[in-house]
Amino acid sequence: MTLDLTQFHETFYAESAEALDQMEAALLKLSAGDADLDLVNTIFRVAHSIKGGSATFGFTDVAGFTHILETLLDQMRGGKRRVDSALVDTLLRSCDLMRAMLGDTQAKRPLDKARISALHAELELIMASQGQAPAPSTAATPAPAAAAVQLPAA
């Protein structure tokens, strides 16, 4: 007997939307300088849950993107990655992208593969750096330096 998982899709989408709201709120607190490890754990749990649910339901693009995000967040949880404003900005954009990906998946619209690929590559570049986010690749005027926060090891 095979279980039809499509009956759970709407619940997954609704719960994911709520979880992404929690993730965004936690990220905004991080950007305000609160380096509480509980915030990082909350953000990680959201990514982990969405990754697992997406994989279960066969939403491989969502699961694949969220996997790399989860890996980066795990580095933060383990104290191997400094939290700074550039990293939080990237994580906020990742949250927005996950929201868009889930919305497109739910509406059965094609995903924006170029946007997914670009942010995926940016996350990989950050993870390849040694504990810090790399400098932005654009030639924009540099923003004032923000204080980086080092999270305690878990």
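The values are calculated or read from the model by the stated rules, or taken from the named source; none is laboratory data. If you're wondering where the values come from, they're calculated on a predicted model, not measured in any experiment. Cβ coordinates were reconstructed from backbone atoms using ideal geometry, including for glycine residues, and neighbour counts include every protein chain displayed.
Could we say that Asp89 is of a type outside the set (S, T, N, Q), within 13 Å of the chain's Cα centre (by Cα), closer than 23 Å to Ala17 by Cβ and surrounded by fewer than 18 Cβ atoms within 10 Å (Cβ to Cβ) here? Spell out how you get there, then give the answer.
Details: of a type outside the set (S, T, N, Q): yes; within 13 Å of the chain's Cα centre (by Cα): yes; closer than 23 Å to Ala17 by Cβ: yes; surrounded by fewer than 18 Cβ atoms within 10 Å (Cβ to Cβ): yes.
So Asp89 fits the description; yes.
Return the total of residues in segment 98-112 being out of contact with any Asp or Glu (no Cβ under 8 Å at 6 or more places or on another chain) and over 17 Å from Glu18 (Cβ atoms).
Adding up the residues that qualify gives 3.
Would you check which residues across segment 57-115 are small (Gly, Ala, Ser) and more than 27 Å from Asp4 (Cβ to Cβ) and list them?
Gly78, Gly79, Ser85, Ala86, Ser94, Ala114
In segment 106-129, what count of residues is obtained for those that are more than 18 Å from Leu27 (Cβ to Cβ) and touching a Leu at 6+ places or on another chain (Cβ under 7 Å)?
The qualifying residues number 2.
Looking only at residues in segment 62-85 that are of a type in the set (D, E, K, R) and surrounded by 15 or more Cβ atoms within 10 Å (Cβ to Cβ), which one is nearest to the chain's Cα centre (by Cα)?
Here the answer is Glu70.
Just to confirm my filter: which helices (runs of 4 or more DSSP H) fall fully inside segment 24-135 and include at least 1 residues that are farther than 24 Å from Glu10 by Cβ and basic (Lys, Arg)?
60-77, 85-106, 113-128
Search segment 12-25 for residues being of a type in the set (A, V, I, L, M) and buried (at least 17 other Cβ atoms within 10 Å of the Cβ), and hand back the single one that is farthest from Ala107 (Cα to Cα).
Looking at residues that are of a type in the set (A, V, I, L, M) and buried (at least 17 other Cβ atoms within 10 Å of the Cβ), I get Met23.
Can you report the number of residues in segment 26-40 which are modelled with pLDDT of 90 or more and either closer than 14 Å to Arg81 by Cβ or crowded, with 18+ Cβ neighbours inside 10 Å (or both)?
Of the residues in segment 26-40, 4 are modelled with pLDDT of 90 or more and either closer than 14 Å to Arg81 by Cβ or crowded, with 18+ Cβ neighbours inside 10 Å (or both).
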